[in-house]
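Report on the structure given below.
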Amino acid sequence: MLDGVYGLIHGFSVALQPSVLLWCVVGCFLGTIIGILPGLGPAATIAILLPLTFNMDPTGGIIMLAGIYYGAKYGGSTTSILLNMPGEASSVASCIDGYQMARKGRAGAALGIAAIASFVAGTFGIVILTLLAPPLAEFALRFSSPEFFALMVVGLSLVVLLAGDSKLKSLLSLIVGLWLTSIGTDLFTGQSRFTFGYSELVGGVEFMVIAVGVYAIAEVMSSVAAGEKTQLLPVPRGLRNYLPSREELKACRFAFVNGSIVGFFIGMLPGAASSVSSFVAYGIEKAVSKRKELFGKGAPEGLAAPEGANNADSSGAMLPLLTFGIPAGGSTAIMLSALILWGFRPGPLLIVESPDLFWGLVASMYIGNVVLLIMNLPLVPLFAQILRIPLGLLFPMILGVSIVGAYAVSGNLFDVTSLAFFGVLGYVMVLLGFPTAPLILGFVLGDSMERALRQSLSMSGGDPMILIDRPIAATFLVIALLILLSPLVGRLRRARSDVVTAP
Amino acid sequence: MKLKHVVALTSIALAGTFAVSAQAEWKPSGQVNVVVHTGPGGGTDAFGRAILTALEKDKVLENTYIVQNKTGGGSTAAVNYLGEKAGDTNTIAIYSSVWVTDSLVQAEAKSTILDLTPIANLVLEPALFAVKADSPYKTLKDFTDAAKANPGKLKQSGGSVTARDAVVRNVLMKNTGADWAFVSFPSGGERVSALLGGHVDIMMIEPSEAGELIRAGRLRALAQVADARIPGFPDVPTLKEAGFDVPNVPQARGIVGPPNMPADAVKYYEALFAKAAKSEGYTKYLADTQLDNKYMDSKTLGAFIKEYQGNLRTILTGAGVKVVR
């Protein structure tokens, strides 16, 4: 642990050099911008900017790329909150309560909470990375497919809590999500499933296309259908009204801790998307909340938990990258290839052989998070002005940005058609009172869960005992069971109090 | 009638002009798009951007080359896209071995790699069989013997069933009569983690990915899947040297064009990448990432792909994978 502190002091001496500091700020700024634009994700931006970094000092270069990576998580929430349009896959969960806060006139507070949650959880993640990187990396290795499967079961059981008024409708929505995620090529047999002969479906349905369709497009359609009844969203006046109130921040206390821990933990597991950590943090937040009824209607803690989680997730993802040279996802994969191109040797010896790079990067992440907070908080009133745009202009803008975003993800026009399809689907679901969150959750978790199950069974030669034999997996399954039983406990307690209060 | 004659004459005249300009050396005008099948950060994407950056620095490229990501269905979306670009001279693509396998197993593919125009092969990719450093298996034979004694008990982490590591496993199992499980993971990171965590017993890994983990005493290389030992691992035997008389299953990356690419364009790009194969920054990048610099011209590449697909069809059918072409 002390090594970490000494290393960090050395790191700051690297990261605070003016030129390096400048690249950190540039990275954070770019990250914020691309976070706001749906379709253009951090992985694509890092890949496009890679050639530019070759004439730079490598430490400055990697610090800038990392800034883009975690900066995008800050920016992603902005459009989720203001327009119900997720800017990044990791900020889809932020739509649920963030947008409802904005509708209630708390857009500024929501943006503020997102920035604060991101800062708290992001910083927490880096502190853990500084102090515990090597032992935690060893711990993460004990995690394999059976543990992953159990973790996904926990995530999926949270659907029970995400459910709206009708459990049946939530279940149907979940099943559609699970089905959508099974479209595409089966990794284990190489055969395609549910492609209906469309070659465009061989790779499966793009997550961002579903999320933007079901949230943003469907929202525009509902608002237009509602006609004159819809008014401009209320925008508060006066700077003070833009910031979260004391009560709102107090409600988020647990969410900050929850988002930090869940995000970092899931982030350090290779193969887990950051959309997973934000949804799981959201589910947990609702599970333990004493005021579950407020979730989905603009609960500040329902925004703080996923926003915190997606930032802690990016610190978590740096752990396997820096300690083993193992990328946890697309963005870290391209950072890894950048390090190799620059002549570094990412792996267990990186920390010993290239301390300037390792500790400089870690220190820059502390600085980057402060920079992002400073950058984002004063921008809150500015961004909130978006809501002042007349709906006749705003709606076409949202549609335009969504369509361009969908096309940019894969460069296929088919994705634009899919976007329209999922927009209509989302609209019909809203009309018929089907909750959309279970569909998205099913889509996010279903794929990883199926894969983890089949991997576990190939490991054990088909013996399902592998899922409960292993202590970590068993613990998760017990947690899932408790979550599934929790509504029953509530009902029992209510029944008992009814009996007691009965005359 | 008159109009028709005029049209005919004009087209003959135009064709004449084109023929003349073709005799003078053809060059692409404007931007050249380089299609890759992985998203930004994926294997071929990273490879493509790195070599284009190196070639730009080496001053080999005379135009702007832009990487275009056409993702979906492994390589299927990219191959279909090229199919639509038939005859285009400003679009080329980086193919990898998965382009050859995907068209064998995916019925949805509208075009296949055999419809495309081969231009030049760039590299062959060697691989290593590696185990955890504390594993009881010191040689690949130790492993196959143990797998033979306990059928289905030992595990290999790898990619899809049609990926090269699955194919090599099938070839080895057939050769030795041993039988071990294959656990598919979509990303390389998950495969290495499963090996490092002791959840699987062996893995076929890229040398650049394994090198640092071996140097840090985490992994041990047992054998290399290559025709000759690669410079970074002079002490590790090839499959043949380790006593496995199996055909080498190559994995390659190279340049292809859309169907019916005009011959003068093929000639231009062929020459361009021949020059690239000797340029300084490019060769250094290949050496750093332990890729085998293996240029082949258009004709050789065409024959290579045909033979490769034929071999793969036999191996995949033997392994019980449904082949559609």
Handout entry: Label-point separation in nm, A:LEU382 to B:GLU84, each point 7 Å along Cα→Cβ
Key = 3.8
Problem - Value at 222 nm in deg cm²/dmol, rounded to 500, when DSSP H runs of n ≥ 4 in chain A each add -39,500 (n - 2.57) - result: -23500 deg cm²/dmol
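Compare A:PHE254, A:PHE421 by solvent-accessible area with a 1.4 Å probe and give them largest first, with all protein chains kept in place. Show your work: numbers first, answer last.
On the way: A:PHE254 95, A:PHE421 125 Å².
Highest to lowest solvent-accessible surface, that is A:PHE421, A:PHE254.
Using only alpha carbon pairs under 8 Å that are at least six residues apart, calculate the relative contact order of chain A and give it in whole percent. Walk me through the numbers before you get to the answer.
Working: 927 pairs, mean separation 141.8, N = 503.
After rounding, I find 28 percent.
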Practice task
Find, among the trypsin sites (Lys or Arg not before Pro) in segment B:274-305, those assigned to loop by DSSP (not H, G, I, E, B) with at most 15 other beta-carbon atoms within 10 angstrom.
Solution key: B:LYS278
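Which whole-number percent is the relative contact order of chain B (Cα, under 8 Å, 6+ apart)?
Relative contact order for chain B comes out at 27 percent.
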Problem - Global form of chain B, assessed from the alpha-carbon gyration tensor, a/c cut-off 1.5 - result: prolate
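Nearest-5 percent of antiparallel DSSP beta bridges in the protein assembly as shown?
Numbers: 24 of 39 bridges.
Once the DSSP bridges in the protein assembly as shown are tallied, antiparallel ones form about 60 percent.
A:LYS286: net charge of surrounding residues, Cβ under 13 Å, Lys/Arg +1, Asp/Glu -1, itself excluded? Walk me through the intermediate numbers first.
Numbers: positive: A:LYS290, A:ARG291, A:LYS292, A:LYS297; negative: A:ASP97, A:GLU285, A:GLU293, A:GLU301.
Net charge in that neighbourhood comes out at 0.
Helix-only mean residue ellipticity at 222 nm, chain B, DSSP H runs n ≥ 4 weighted -39,500 (n - 2.57), per residue, nearest 500. What is it?
-13500 deg cm²/dmol
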Problem - Inter-site label distance for B:ASP145 and A:LEU492 at 7 Å from Cα along Cβ, in nm - result: 5.8
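Using protein heavy atoms only (no ligands, DNA or RNA), what is the total accessible area buried between A and B, 1.4 Å probe, nearest 100 Å²? Could you put the intermediate results ahead of the total?
Numbers: alone 21470 and 15630 Å², together 33180 Å².
By this definition, chains A and B bury close to 3900 Å².
Give me the percent relative contact order of segment B:127-225, please, defined on Cα pairs under 8 angstrom at least 6 residues apart. Write down the numbers at each step before the final one.
Details: 161 pairs, mean separation 47.3, N = 99.
Answer for segment B:127-225 is 48 percent.
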Fill in the blank from the handout: Between B:VAL183 and residues 5 or more places away or on another chain, the pairs with built amide H atoms under 5 Å apart involve B:GLN156, B:SER157, B:GLY158
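Give the range of the longest stretch in chain B that excludes all GluC sites (Glu not before Pro) found in loop regions by DSSP and having at most 13 other beta-carbon atoms within 10 Å. Don't skip to the end; give the middle numbers.
Details: sites that count: B:GLU25, B:GLU62, B:GLU241.
In chain B, the maximal stretch lacking such sites is B:63-240.
If you place +1 on the Cβ of every Lys and Arg, -1 on the Cβ of every Asp and Glu, and leave all else neutral, what size is the dipole of the protein assembly as shown about its Cα centre, to the nearest 20 Debye? Kindly include the intermediate steps, with their values, before the conclusion.
Details: 63 positive and 59 negative charges, 323 e Å.
Using Cβ point charges on Lys, Arg, Asp and Glu, the protein assembly as shown gives about 1560 debye.
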Problem - Neighbour net charge for B:HIS199 - beta-carbon separation under 11 angstrom, K R +1, D E -1 - result: +2
Practice task
Quote the accessible area belonging to A:MET221 in square angstrom, nearest 10, computed with a 1.4 Å probe and with ligands, DNA and RNA left uncounted.
Solution key: 60
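Go through B:LYS59/B:LYS278; B:LYS240/B:LYS322; B:LYS27/B:LYS294; B:LYS57/B:LYS275; B:LYS240/B:LYS294 and tell me which ones have a Cα-Cα distance over 18 Å in this structure. All intermediate terms of the calculation are to be shown ahead of the outcome.
Working: B:LYS59/B:LYS278 12 Å; B:LYS240/B:LYS322 29 Å; B:LYS27/B:LYS294 25 Å; B:LYS57/B:LYS275 14 Å; B:LYS240/B:LYS294 20 Å.
Pairs exceeding the cut-off: B:LYS240/B:LYS322; B:LYS27/B:LYS294; B:LYS240/B:LYS294.
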Exercise for the section: Check every DSSP H run in chain A and write down those whose alpha carbon atoms cover 15 angstrom or more along the long axis and whose mean Kyte-Doolittle hydropathy is 1.6 or greater. Expected result: A:18-36, A:107-141, A:330-341, A:391-410, A:414-432
Fill in the blank from the handout: Counting sequence-distant residues (5 or more places) and residues on other chains, those with an amide H built under 5 Å from that of B:LEU219 are B:ALA133, B:ILE214
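The values are calculated or read from the model by the stated rules, or taken from the named source; none is laboratory data. Owing to the predicted nature of the structure, the values given are computational and were not obtained by experimental measurement. When we count neighbours, we look across all protein chains shown, and the Cβ atoms used for this are built from the backbone with ideal geometry, even at glycine. Only protein heavy atoms, including side chains, enter the accessible area calculation; ligands, DNA and RNA are left aside. Shrake-Rupley method; radii C 1.70, N 1.55, O 1.52, S 1.80 Å.
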